[in-house]
1. Return 30, 37 ranked ascending by Cβ neighbour count within 10 Å, so the fewest neighbours appear first.
2. At 4 °C and a viscosity of 1.567 mPa s, what translational diffusion coefficient does Stokes-Einstein give for the stretch 21-62, taking Rh as the Kirkwood radius over Cα pairs? Give it in µm²/s as a whole number.
């Protein structure tokens, strides 16, 4: 009885945080997949599918 519960325990520790790779937890609220992304300095707005596409669209590097 205890063994099945122990096997499920590691799955409880896994937490999925939806944010692009390299974005800190303090800035994740700026990255909403349902909206265009605006650079943190306001210099540009791009479609979200262009975020983290190996091209830096924002002057501030965001």
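1. Numbers: 30 15, 37 22.
Neighbour counts put them in this order, fewest first: 30, 37.
2. On the way: Rh = 10.5 Å.
D, rounded to a whole number, is 123 µm²/s.
Bear in mind these aren't lab numbers, they're just calculated from the coordinates by the rules spelled out. Since this is a predicted model, take the numbers as computed values, not measurements. Using ideal geometry, Cβ is built from the backbone for each residue, glycine included, and neighbour counts are taken over all protein chains shown.
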